[in-house]
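Asks: Structure provided below as structure tokens; questions to follow.
The values are calculated or read from the model by the stated rules, or taken from the named source; none is laboratory data. In this text, all values refer to a predicted model and were calculated from it rather than measured experimentally. Note: ideal-geometry Cβ built from the backbone for every residue, glycine included; neighbour counts use all protein chains shown. Note: areas computed on protein heavy atoms with side chains; ligands, DNA, RNA excluded. Shrake-Rupley method; radii C 1.70, N 1.55, O 1.52, S 1.80 Å.
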Amino acid sequence: MSTVFESVGSGISANQSNSNGSGTAKGREFAPLGLNAQKVVSKRYSLKDEHGEPLETWADIVRRVVGHVSKAETDPIKQNHFYNEMTSVMLAREFVPNTPCLVNAGKPKGQLAACFVLNVPDSIEGIMEHAQNVAIIHQTGGGTGMTYEFLRPAGAMVNSTRGVASGPVSFMNIVNQTTEVVKQGGVRRGANMGILAITHPDILRFIHAKNDQTSLTNFNISVTVTDLFMDAVDSGVWFQTEFKGEPWTQSVFDTVTGADYVVYRRPDGSTATFADKLAFETADLSDCIIEEPPMPGMVFAPDIWNRIIASAHKYAEPGIIFIDEVNRHNHMMASMGPIYACNPCGEQQLHFNNSCNLGSIDVAKFFTKTTDGDPSVDWDRLSNATHLCTQFLDNVVDAGYFPLPEIDDVVKRTRPVGLGIMGFADLCLKLGITYGSDESIALMERVMGFIRREAWMASLRLGREKGTFPELEPNRDAYARFIYDEIGIPRDIRLTPRNYEVTTIAPTGTISLVAETSSGIEPNFSWAYVRQDTIGTRTYVHSPAAEALGLTVDQTNEDSIKAAAEYVVEHEHELPPHFISAMAIKSLEHVKVLAAAQKHVDNAISKTCNGAKDDTVESVDELYHLARELGCKAVSYYRDGSREGQVLNAMKTEKETRKQGDKETGGTWPNLCVI
């Protein structure tokens with residue numbers, strides 16, 4: 001490791017909504033929405049009157065959404081059955097679809113999908129059209145991901161004008177500014193994922209593009225790294241950058257030093273790596289020898305890797321995408337070629353002009369007890385919900401409107417479905433399992449393996465009834481190997497997948513607040529915390545934690561919430577050992593949970609590997625290497641306190657408050673993922 005320098009209808013009716021909007025259906029009563037969940041529903045998801053006041057409760061939203069999506073069922077009897085069953089599942093908040101579906105269902109040209117991946121052509125006309133397409137998608141509620149690796153490097157000759165190119169980062173600023181003025185679907189800020197291949201000559205401009213914490217604020221950024229690059233890192237050798245498949249023969253510019261790229265090598269053979277420009281300016285390099293690349297266009301692979309690691313350690317970006325691992329699981333390679341990019345949160349690695357609608361099952365709500373009183377999971381009920389939700393998301397493909405014809409074409413040819421989970425950490429608590437332990441890893445594999453298999457069984461059934469996705473035929477052999485050999489579905493079941501993919505795991509930032517459960521597969525951030533976002537400032541207390549301390553919380557009463565939050569903070573040390581929060585979990589344990597889930601997910605996973613404030617750069621390096629070794633497709637890291645304006649802030653005891661004044665402990669990575 002080098003020396004790293006860091007600067008310091010029939011199921012529910014309108015009159016069947018309870019006062020808190022929970023609703024009833026077919027004689028089934030549902031738990032009331034807590035006060036905070038009601039606020040999220042009113043502010044973010046309800047239709048509004050001309051004064052901006054909410055018109056809907058949760059029950060009204062469920063009726064509108066399910067009613068719209070049910071129209072994809074053309075048989076009246078099947079449509080009515082699907083409506084009733086799906087209404088019940090959503091009223092129970094056992095499943096919640098992504099935000100665009102909740103907001104736009106039932107509207108004219110309602111766009112229901114969350115994730116889009118776009119191409120960026122290497123021409124001024126193509127770039128400006130790309131920026132326009134981004135704005136259109138954001139306006140309809142979607143988030144966009146794109147790779148800028150096909151744009152020529154800064155300083156390259158532009159033949160048509162005899163000028164020089166300004167490079168990918170400069171054009172990212174155009175999209176960033178466009179995003180700034182277009183609020184995503186009218187309910188949230190726009191979100192982009194900007195990606196650059198590790199082979200691109202502007203890689204250092206990209207890695208350090210957000211070091212000032214004021215640039216590209218509407219982007220998450222990630223680097224796609226290849227097996228060849230990682231081999232060069234592990235071998236400690238120089239690496240050739242390239243453009244359009246040809247070696248780059250000009251010098252690589254280093255934004256940190258402000259000059260052509262060189263390596264600063266110490267007497268012991270190690271290299272000095274700089275997290276940012278200030279780190280370079282303040283570093284003592286008196287004992288270093290400047291080593292130039294063997295050939296123009298080459299970079300020292302371990303140094304570039306360490307730049308990524310150091311920047312992630314200090315600024316939480318860039319993330320890493322192991323692009324060869326992504327394409328090893330790309331079953332449509334024969335007809336659609338490689339995948340290059342993903343959505344803003346990283347859970348959907350998609351071909352250009354593809355889009356995926358998402359929805360998540362709250363697995364904590366399937367906790368039950370056996371006849372002997374032992375804690376368990378209701379697998380039969382989870383199976384039924386998985387089949388229903390897969391059908392719901394498949395119907396969204398037909399019920400939704402896609403803002404660009406090329407996207408509509410690709411989506412209809414592939415029919416992506418992104419069924420995921422939330423509430424995993426809460427399920428662990430209910431089962432008495434410590435998040436990050438070997439037992440939790442086994443639980444993750446069992447839960448996701450079960451849901452994935454059931455979702456594919458549902459897709460195969462839908463394919464038999466309604467037809468397979470059109471891109472299946474040129475990729476039939478790949479899908480036969482995948483469905484029968486990897487998923488383990490018996491070969492006597494016909495190969496009739498309705499969808500090219502069925503599972504993913506999204507961050508569920510906002511929909512988990514509606515479901516009142518832990519987000520995605522993340523651990524609980526804290527047992528009592530303050531959340532500050534576009535909806536406002538709210539106090540949260542974790543009901544199971546309060547109950548473990550012998551306290552009952554009325555989540556519909558603000559005074560009860562605040563009193564319980566204060567009590568939980570003061571008595572947190574009395575909680576059972578398996579009540580473990582995000583910052584108490586080692587970052588390597590985060591990666592192991594991520595990898596366990598990835599083994600049973602078709603696409604990818606949005607998960608942040610949290611680290612403590614005193615995490616070292618070396619520990620981040622170990623984390624990223626472990627993620628690759630365990631087969632993760634992508635990984636992001638957030639060290640506590642490394643960003644300003646964090647969304648979540650842990651509450652403190654009175655003693656801590658007196659000691660620290662108004663300074664608050666930081667929360668999870670404040671990225672752009674709020675699906």
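Asks: Would you check which residues across region 286-317 are assigned to a loop (DSSP other than H, G, I, E, B), hydrophobic (A, V, I, L, M, F, W, C) and at pLDDT 95 or above and list them?
Replies: Pass one, region 286-317, residues assigned to a loop (DSSP other than H, G, I, E, B): 286-288, 292-297, 316-317.
Within this subset, residues satisfying the condition of being hydrophobic (A, V, I, L, M, F, W, C) are 288, 295, 316.
Residues satisfying the conditions are CYS288, MET295.
Asks: Scan region 511-534 residue by residue and report those that are crowded, with 18+ Cβ neighbours inside 10 Å and assigned to a loop (DSSP other than H, G, I, E, B).
Replies: GLU516, THR517, SER518, SER519, GLY520, ILE521, GLU522, PRO523, ASN524, PHE525, SER526, TRP527
Asks: Return only the number of the condition from (1) closer than 18 Å to GLU501 by Cα; (2) in contact with a Ser or Thr (Cβ under 7 Å, 6 or more places away or on another chain); (3) at pLDDT 95 or above; (4) open to solvent by 10 Å² or more (accessible area, probe 1.4 Å) that ALA341 does not satisfy.
Replies: With (1) closer than 18 Å to GLU501 by Cα; (2) in contact with a Ser or Thr (Cβ under 7 Å, 6 or more places away or on another chain); (3) at pLDDT 95 or above; (4) open to solvent by 10 Å² or more (accessible area, probe 1.4 Å) applied to ALA341, the lone miss is (4).
Asks: Is there a residue being closer than 29 Å to THR608 by Cβ, touching a strand residue (DSSP E or B) at 6+ places or on another chain (Cβ under 6 Å) and part of a loop (DSSP other than H, G, I, E, B) anywhere in region 407-421?
Replies: There is at least one residue in region 407-421 that is closer than 29 Å to THR608 by Cβ, touching a strand residue (DSSP E or B) at 6+ places or on another chain (Cβ under 6 Å) and part of a loop (DSSP other than H, G, I, E, B).
Asks: Filter region 608-644 down to the residues that are assigned to a loop (DSSP other than H, G, I, E, B) and charged (D, E, K, R), then identify the one that is nearest to ASN211 (Cα to Cα).
Replies: Among those residues, the one meeting the criterion is ARG643.
Asks: Would you please list the contacts, defined by Cβ atoms under 6 Å and residues six or more apart or on different chains, that run from a residue in region 356-382 that is in a loop (DSSP other than H, G, I, E, B) to a residue that is hydrophobic (A, V, I, L, M, F, W, C)?
Replies: Filtered contacts from region 356-382: ASP378/PHE366.
Asks: Run TYR83 past the list (1) touching a Lys or Arg at 6+ places or on another chain (Cβ under 8 Å); (2) surrounded by fewer than 23 Cβ atoms within 10 Å (Cβ to Cβ) and report the number of the one that doesn't hold.
Replies: (1)
Asks: If we keep just the residues of region 589-607 that are in contact with an Asp or Glu (Cβ under 7 Å, 6 or more places away or on another chain) and either part of a strand (DSSP E or B) or not polar (S, T, N, Q) (or both), which is farthest from GLY418 (Cα to Cα)?
Replies: ALA596
Asks: Go through (1) among the charged types (D, E, K, R); (2) closer than 30 Å to ASP640 by Cβ; (3) open to solvent by 50 Å² or more (accessible area, probe 1.4 Å) one by one and return the number of the condition ASP276 breaks.
Replies: Among (1) among the charged types (D, E, K, R); (2) closer than 30 Å to ASP640 by Cβ; (3) open to solvent by 50 Å² or more (accessible area, probe 1.4 Å), ASP276 violates only (3).
Asks: If MET583 passes every condition in (1) under 30 Å from VAL326 (Cα atoms); (2) touching a helix residue (DSSP H, G or I) at 6+ places or on another chain (Cβ under 9 Å); (3) not small (Gly, Ala, Ser) but one, which one does it miss?
Replies: Result: MET583 passes all but (2).
Asks: Checking the conditions here, which among LEU151, LEU118, LEU102 is of a type in the set (A, V, I, L, M) and farther than 26 Å from LEU204 by Cα? Steps first, please.
Replies: On the way: LEU151 fails: farther than 26 Å from LEU204 by Cα; LEU118 fails: farther than 26 Å from LEU204 by Cα.
Within the list LEU151, LEU118, LEU102, the selection yields LEU102.
Asks: Can you tell which of VAL417, VAL363, VAL396, VAL411 is in contact with a Phe, Trp or Tyr (Cβ under 7 Å, 6 or more places away or on another chain) and under 30 Å from SER335 (Cα atoms)? It would help to see each step written out before you state the result.
Replies: Details: VAL417 fails: in contact with a Phe, Trp or Tyr (Cβ under 7 Å, 6 or more places away or on another chain); VAL363 fails: under 30 Å from SER335 (Cα atoms); VAL396 fails: in contact with a Phe, Trp or Tyr (Cβ under 7 Å, 6 or more places away or on another chain).
VAL411 is the lone residue from the list that is in contact with a Phe, Trp or Tyr (Cβ under 7 Å, 6 or more places away or on another chain) and under 30 Å from SER335 (Cα atoms).
Asks: It is to be established whether one or more residues within region 503-510 are among the small types (Gly, Ala, Ser), assigned to a loop (DSSP other than H, G, I, E, B) and buried (at least 21 other Cβ atoms within 10 Å of the Cβ).
Replies: Within region 503-510, one or more residues are among the small types (Gly, Ala, Ser), assigned to a loop (DSSP other than H, G, I, E, B) and buried (at least 21 other Cβ atoms within 10 Å of the Cβ).
Asks: I'm trying to understand the selection: among the residues of region 138-174, which are outside any loop (DSSP other than H, G, I, E, B), modelled with pLDDT of 95 or more and within 22 Å of the chain's Cα centre (by Cα)?
Replies: Across region 138-174, the qualifying residues are THR144, GLY145, MET146, THR147, MET172.
Asks: Show the residue pairs meeting these rules: Cβ distance below 8 Å; 6+ apart or different chains; first residue within region 52-71 and farther than 19 Å from ALA31 by Cβ; second residue aromatic (Phe, Trp, Tyr) and open to solvent by less than 40 Å² (accessible area, probe 1.4 Å).
Replies: Correct list of pairs: GLY67/TYR83; VAL69/PHE392; SER70/PHE82; SER70/TYR83.
Asks: Something else: Inspect region 190-209 for any residue being open to solvent by less than 10 Å² (accessible area, probe 1.4 Å), within 15 Å of ASN306 (Cβ to Cβ) and over 23 Å from the mean Cα position of the chain (by Cα) and give the result as yes or no.
Replies: So far as region 190-209 goes, yes, one or more of its residues are open to solvent by less than 10 Å² (accessible area, probe 1.4 Å), within 15 Å of ASN306 (Cβ to Cβ) and over 23 Å from the mean Cα position of the chain (by Cα).
Asks: Only one of these is more than 21 Å from PHE366 (Cα to Cα), modelled with pLDDT of 95 or more and of a type outside the set (Val, Ile, Thr): GLU445, GLU501, GLU439. Name it.
Replies: Step by step, each of GLU445, GLU501, GLU439 is checked, and only GLU501 is more than 21 Å from PHE366 (Cα to Cα), modelled with pLDDT of 95 or more and of a type outside the set (Val, Ile, Thr).
Asks: So which of ALA563, ALA546, ALA582 ends up being out of contact with any Pro (no Cβ under 7 Å at 6 or more places or on another chain) and open to solvent by less than 40 Å² (accessible area, probe 1.4 Å)? Break it down stepwise before answering.
Replies: Numbers: ALA563 fails: open to solvent by less than 40 Å² (accessible area, probe 1.4 Å); ALA582 fails: out of contact with any Pro (no Cβ under 7 Å at 6 or more places or on another chain).
None of the others qualify; the one that does is ALA546.
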